[in-house]
Amino acid sequence: MPELQTLLLFSVAALTLTLTPGPDMLLIASRSAAQGRTAGCATWAGIAVGTYAHALAAALGLSQLFLVFPVAYDIVRFVGAAYLVYLAWTTITASRTIDSVSIAPTASLSFKLMFTQGFFTNLFNPKVALFVLALFPQFVELEAGSVALQIMVFATIINVIGFFVNGAVVLLASGAGSMLARSAKVQKRLHTALAFVFLGIALKLVLESRPAT
């Protein structure tokens, strides 16, 4: 295990990065506002597991594939963009079924579905893999034991911090959403905003340049 000082330094870096608004936070906030607290929590849980997947890939050296073979990076990001466009379409389609009788946050969407969408949204973002590959090794101590174990510990720290930060985002956004969604018209607009979040993240993935080799 790394020394306590190393863990504290990493925690400060992780907190700073987690507090910085980004695609994950925007997605969690939009999902919570449009579809309620459960949907926001499920989305965060999927993103957290996605972070573990990226950390495991870094531990196994798979993330370096993006640096050695840029075409692999392009494939992943375009697949991710296509998936996000699909989510945007399904969100817009769902918003058309909302009427004045059903104005509560969309409870019919299961926790499993929201979790899966959050997971794949994170997994298909190659920038997350490169972020893990760039940040984690700076805190790894070769004399502290298994490198893979240290990387997974760092991923756990990020997720614990994310639990509190994004948990606050879920509570605030879902509270605001529940107050706003008193009519079918407002809820449709919330779903439309969520769809545009998906499209915005997809566009960001498409326009990103390849990592430097």
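The values are calculated or read from the model by the stated rules, or taken from the named source; none is laboratory data. Note that the structure is a prediction, hence the values are computed from the model and not measured. Because the Cβ atoms are built from the backbone with ideal geometry, glycine has one as well, and the counts that use them run over all protein chains shown.
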Which of the residues belonging to the stretch 1-26 are outside any helix (DSSP H, G or I) and touching a Phe, Trp or Tyr at 6+ places or on another chain (Cβ under 9 Å)? P2
The condition from (1) at pLDDT below 80; (2) in a helix (DSSP H, G or I); (3) surrounded by fewer than 18 Cβ atoms within 10 Å (Cβ to Cβ); (4) in contact with a helix residue (DSSP H, G or I) (Cβ under 8 Å, 6 or more places away or on another chain) that F78 misses is numbered (1)
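When the residues of the stretch 23-46 are filtered to those that are charged (D, E, K, R) and over 11 Å from the mean Cα position of the chain (by Cα), which remaining residue is nearest to L87 (Cα to Cα)?
Ranking the qualifying residues of the stretch 23-46, first place goes to R31.
To keep it simple, each residue is scored yes or no on (1) of a type in the set (A, V, I, L, M); (2) touching a Cys at 6+ places or on another chain (Cβ under 6 Å); (3) farther than 16 Å from P21 by Cβ; (4) assigned to a helix (DSSP H, G or I).
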site: V140; (1), (2), (3), (4): yes, no, yes, no
site: E143; (1), (2), (3), (4): no, no, yes, yes
site: A148; (1), (2), (3), (4): yes, no, yes, yes
site: V153; (1), (2), (3), (4): yes, no, yes, yes
site: T156; (1), (2), (3), (4): no, no, yes, yes
site: N159; (1), (2), (3), (4): no, no, yes, yes
site: G162; (1), (2), (3), (4): no, no, no, yes
site: V169; (1), (2), (3), (4): yes, no, no, yes
site: A173; (1), (2), (3), (4): yes, no, no, yes
Criterion violated by A58 - all others in (1) touching a Phe, Trp or Tyr at 6+ places or on another chain (Cβ under 9 Å); (2) modelled with pLDDT under 75 satisfied: (2)
Verdict on T38 being without any contact (Cβ under 8 Å) to a residue 40 or more places away in the chain and β-branched (V, I, T): no
